[in-house]
1. If we count GluC sites (Glu not before Pro) as exposed when they sit in a DSSP loop and have at most 16 other beta carbons within 10 Å, what is the longest stretch of the chain that avoids them all?
2. Given a cut-off of under 8 Å on Cα pairs at least six residues apart, what relative contact order in percent is computed for the chain?
3. Could you please state how large a percent of the accessible area of the chain is carbon and sulfur, counting protein chains only and using a 1.4 Å probe?
4. Could you give the accessible area per residue of the range 142-296, probe 1.4 Å, as a whole number in Å²?
5. Please compute the Kirkwood hydrodynamic radius of the range 101-251 from all pairs of different C-alpha atoms, in Å with one decimal.
6. Considering only DSSP states other than H, G, I, E and B, which trypsin sites (Lys or Arg not before Pro) in the range 68-135 qualify as loop sites with at most 12 other Cβ atoms within 10 Å?
7. I need the calculated FRET efficiency for the pair ALA14 and ILE229, taking r as the beta carbon distance and R₀ as 30 Å, to the nearest 0.05.
8. Would you calculate the volume per residue, in Å³, of the smallest convex hull containing every Cα atom of the chain?
Amino acid sequence: MTIAVEDRYPTRTAAPTAPIPRAEPAVWSGSPRGPIDDTTLDSYDAKGFLTVDQLLGPKEVAAFQSELARLRSDESVRADERTVVEKQSQDVRSIFDVHRISGLIAELAADPRVLDRARQILGSEVYVHQSRVNFMPGFTGKGFYWHSDFETWHAEDGMPLMRAVSISIALTDNYPFNGGLMLMPGAHRTFVPCTGATPSDHYKESLKEQEIGVPAQAALTDLATRHGIEQFTGEAGSALMFDSNSMHGSGSNITPFPRSNIFMVFNSVDNALTDPFAADSPRPEFIASRDFTPLG
Ligand code: 6CS
Ligand code: FE
């Protein structure tokens, strides 16, 4: 029997509801000292994200690029339900649960350069909530409209609080013009409820194009006006870490330059998933892990 957990962030309501100020910190206390210096940690707390130049060296980037090419061309991976293909082009867009498919990526999740940063921000032991590799091909790569990941993870996966952090590691150069991720600095301190009930098996559509769980334009206008917009750019090997409730999105990529990244989400073991707060059933394990065993 699951004990009912208080829903601090009601969303997917029939009628529009007002934004909710964030109750919890972005950087949790009690963490073991980690690789992030105090100035960067303070900036993360204020903005909701930080960047790491050259988290991976050139040789490591090359090894991961080969791994992604291997995965992408493996017919069994392509046919797997954990693989999302583009509607029109049928190109592989994302491979979920990739830390369980690729040993190389499993090692990266447990690498102190990654794991100790996540533990430091979340102030606890952590586990992988979700992993994916994203391929945004040149010319046809589709972006994602503005959204908060936490809104989906709360509504559909039963994530109680904003105590998760994502890391996106660039495996190609991220330019301003090839679909780089945009974020609103400081918007992580506001929860924007979304209207509209979650359809059954929503993930089958939302992972290609999200229509439910999308903030209203008025809320986005207010946030962008108050906080502005920054864009993550950087060479292959650089990384972006961002709070679960960061407001982010990306444009399409009409340039010849592809944009590929490895994306992993770390959740605190003290923020384990419960029942979905606004969906009739939990999403599959390959999108939202229910193995809360601490990493490392
Ligand atoms: O629904 C999810 O879990 C995924 N959707 C998006 C657009 N970003 C975060 C996450 O990978
Ligand atoms: Fe997202």
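1. By the stated rule (loop sites, at most 16 other Cβ atoms within 10 Å), 82-208.
2. Answer for the chain is 34 percent.
3. 55
4. Value for the range 142-296: 36 Å² per residue.
5. Result for the range 101-251 stands at 16.6 Å.
6. Working: sites: ARG70, ARG72, ARG78, ARG82, LYS87, ARG93, ARG100, ARG113, ARG117, ARG119, ARG132; in loops: ARG82, LYS87.
Of the trypsin sites (Lys or Arg not before Pro), the ones in loops of the range 68-135 whose Cβ has at most 12 other Cβ atoms within 10 Å are LYS87.
7. 0.50
8. On the way: hull volume 38.4 nm³, N = 296.
Convex hull volume per residue, Cα atoms: 130 Å³.
The values are calculated or read from the model by the stated rules, or taken from the named source; none is laboratory data. Here the structure is a predicted model, which means the values were calculated and not measured. Heads up, the Cβs are rebuilt from the backbone with ideal geometry, glycines too, and the neighbour counts pull from every protein chain shown. Remember, those area values only see protein heavy atoms, side chains included, never the ligands or the DNA or RNA. Shrake-Rupley method; radii C 1.70, N 1.55, O 1.52, S 1.80 Å.
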